[in-house]
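The values are calculated or read from the model by the stated rules, or taken from the named source; none is laboratory data. Remember, predicted model here, so these are calculated numbers, not experimental data. Quick reminder, even Gly has a Cβ in these numbers, built from the backbone with ideal geometry, and neighbours come from all protein chains shown. Accessible surface areas use protein heavy atoms only, side chains included; no ligands, DNA or RNA. Shrake-Rupley method; radii C 1.70, N 1.55, O 1.52, S 1.80 Å.
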Amino acid sequence: MQKECRYYEKDDEYLQCLLCPWHCKIRPGKTGRCDVRENQDGVLRSLNYAEVTSMGFDPIEKKPLYHFYPGRDILSLGTFGCNLSCSFCQNWSISQGRPPTKHVEPQEAVAAARDAAARRNIGLAYTYNEPIIWYEYVQDTAKLAHEAGLKNVLVTNGIIEEAPLQELLPLIDAMNVDIKAFSDEFYRTLCKGEAWPARRTVEIALAEGCHVEITTLIIPGYNDSDEELDQIFQWALDAPPTPASTVRRAYELAKQRLEFVYVGNIMIDGTTDTVCPRCGEVVVRRDGM
């Protein structure tokens with residue numbers, strides 16, 4: 001039997017999930033918009049608990065995190081499902097589909113991470129799809145990892161209610177939050193959601209002392225003007241590959257306002273190095289990952 005979900009309320013006609021701000025009203029035999037939390041005879045159950053679609057060791061910079069144990073590896077694992085429906089999703093086969101899975105209990109995942117800890121591995125990253133809708137498994141696994149002295153990393157869209165976020169944060173050492181755009185209109189049109197929950201997640205996590213880094217992507221014709229780049233980097237669909245010159249221009253513009261800026265998915269010398277903002281000395285030099 002699947003794991004009972006946390007954060008939901010019962011009504012005479014449906015169950016209301018309280019994990020995300022969407023507050024899905026789920027009738028018997030149906031799932032919420034994430035497609036993984038199902039009303040089974042009046043009990044909300046997780047269809048993806050311990051069901052892993054991908055598991056392997058990645059450089060921490062691939063999460064991407066550039067200020068959290070640079071040069072080390074982390075055991076990364078994900079499942080299926082998502083609480084957004086982004087039309088430009090690069091991982092749509094696991095976020096919107098039902099790919100093959102391998103059953104990996106929390107203690108098994110932590111054991112694999114511990115076995116590799118003597119080498120370069122620092123802990124576990126919950127990534128690939130949206131880990132928020134894997135809440136019960138992430139919480140159970142992160143607790144065991146925390147007790148074993150391992151680090152927990154969340155790579156997320158940030159769409160979660162405040163109460164479950166506050167409960168999870170003491171177990172999370174670092175987060176990368178995908179801020180897809182600043183406007184609710186962008187989220188509503190392309191992601192079937194809203195922008196404010198992700199921004200709130202960042203603010204809460206920072207206030208609680210969690211290490212947070214943010215990811216965005218620039219796309220020609222959508223957000224590559226100087227004005228747009230100066231406000232927020234956004235994601236978009238059906239555009240040609242971004243020229244290196246545009247990425248370099250965005251990098252230089254961002255550096256005028258931010259101390260630490262990095263370029264991903266394209267090799268531009270020096271743009272993945274960590275440089276002291278005061279003296280200009282290279283503190284961490286990176287070549288790819």
Do any residues in the stretch 246-265 that are small (G, A, S) have Cβ atoms under 6 Å from those of residues that are surrounded by 15 or more Cβ atoms within 10 Å (Cβ to Cβ) and part of a helix (DSSP H, G or I), where the two are at least six apart or on different chains, and which pairs are they? A250/L229
Can you tell me which of C17, C24 is surrounded by 15 or more Cβ atoms within 10 Å (Cβ to Cβ), hydrophobic (A, V, I, L, M, F, W, C), in contact with a Lys or Arg (Cβ under 9 Å, 6 or more places away or on another chain) and closer than 20 Å to Y126 by Cβ? C17
The stretch 121-141, residues that are touching a Phe, Trp or Tyr at 6+ places or on another chain (Cβ under 6 Å) and either open to solvent by 20 Å² or more (accessible area, probe 1.4 Å) or among the hydroxyl-bearing types (S, T, Y) (or both): Y137
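If I ask for residues that are assigned to a strand (DSSP E or B) and either polar (S, T, N, Q) or open to solvent by 20 Å² or more (accessible area, probe 1.4 Å) (or both), which ones from the stretch 33-55 would you list? Let's see the steps before the verdict.
Taking the stretch 33-55 as the starting set, the residues that turn out to be assigned to a strand (DSSP E or B) are 37-40, 43-46, 51-52, 54-55.
Matches in the stretch 33-55: E38, N39, Q40, V43, R45, S46, E51, S54, M55.
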How many of the residues in the stretch 7-31 are closer than 26 Å to Y187 by Cα and touching a residue at least 24 places away in the same chain (Cβ under 8 Å)? 9
Hey, could you check the stretch 87-120 for residues that are modelled with pLDDT of 95 or more and polar (S, T, N, Q) and say which is surrounded by the fewest Cβ atoms within 10 Å (Cβ to Cβ)? Q107
Might you let me know whether the stretch 149-166 holds any residue that is over 21 Å from C82 (Cβ atoms), open to solvent by 10 Å² or more (accessible area, probe 1.4 Å) and part of a strand (DSSP E or B)? yes
